[in-house]
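The values are calculated or read from the model by the stated rules, or taken from the named source; none is laboratory data. Remember, it's a predicted structure, so these values are computed and weren't measured experimentally. Backbone-built Cβ (ideal geometry, glycine too); neighbour counts: all protein chains shown.
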Amino acid sequence: MIDRTFLIRLPDLAEELPQHFFRTVPWPDWREAGDYQAIEEHFAAAVARREAFERNWDQYGGMPERLRHILGYDRQESETKARITHDPAYDYHAAWEFLRRNQGYQRDWAIWSRARERAQGNEAAGRHRLDAEDAIRERYGIDTDFDKPADPFTGGMPKFMKIAQVPTRKFRRSVQNYTSYLRVLDGLAAGARRSEIAAVVFPGEGGKKRLERAVAVSQALVGGGYREIATRHRDWLS
C-alpha cells in the first residue's frame, strides 16, 4: 500500500476545503498484486457461494429451468463466470472500487464536504448542501447516509440504485479481470507509462493489446459501468 492524496487531481477545489480532505489515505500500489487481495478474496468467496447454491439444488433434482435462465446458466459463458454472474457481494464490492476511482465522484464529494462545513447555522448554505447530496445520488445512482462521516476514497460502501444520469457504455463483462482493471486504472493515475503497466500487469506476449482492451473496459466501468454490475441482479432479488 502507498499513502496518497487525491487533492492533487482537484487543484481548483483545494482552497477552503475542510482539513480532512488534505490527509493522505492508504491506496493500493498498482505494482503489487497483493494490495488487491480483498477483491480477489471476494471473487473466491463468490465462487464458493455459487457452488454451495448449486449443491443445495442438487438434493431437489436440479435447478428449475426458469431459475437457470434468470441466473444466466443457459448462456454461452464459462462455468466460473456463470457461477458468479449474479453474486451481490462480489458485484457490489467491485462496483464500489470502480466508482471511487471516478474523478467526477471525488470532485462532487469535495463540493458536498465544503457545503456541509458552511451549512452550520446558515439556511442558504444548508440548501446548497442538500442540492449537493441530490447531485451525488442522481449522477452516480447511489444512496448513502450523509449524516455520517463520509470518505469517497476509503469509506463505507453505498447502496446502488437503478436510476442515474450517468450513461452506461456497453462492454463485455469479464469478472475474473476486475483486479487487473483496477491495477491499470491506478497505474495510469500514478502517471506510469503504458509500456510499464503492460509489462507488470500483463507480462508476456500480447501484453500491449491486453492493456489497450483493459484501459477501454476499466474506463467504461469507472464512467458508469459500475452501476450495471451492481444492479444487474436487482430484478430477481427484489
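Data for the structure
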quantity	calculated
Any hit, the range 194-213, residues being at pLDDT below 90 and among the hydrophobic types (A, V, I, L, M, F, W, C)	no
Verdict on residue 129 being basic (Lys, Arg), buried (at least 19 other Cβ atoms within 10 Å of the Cβ) and in contact with a Pro (Cβ under 9 Å, 6 or more places away or on another chain)	no
Which listed residue is at pLDDT below 80 and more than 17 Å from residue 17 (Cβ to Cβ), from 150, 89	89
Condition check for residue 101: closer than 25 Å to residue 224 by Cα and at pLDDT 80 or above	yes
Residues that are hydrophobic (A, V, I, L, M, F, W, C) and at pLDDT 80 or above, drawn from the range 112-137	112, 115, 130, 132, 135, 136
Residue that is surrounded by the most Cβ atoms within 10 Å (Cβ to Cβ), among those in the range 11-38 that are in a helix (DSSP H, G or I) and at pLDDT below 80	21
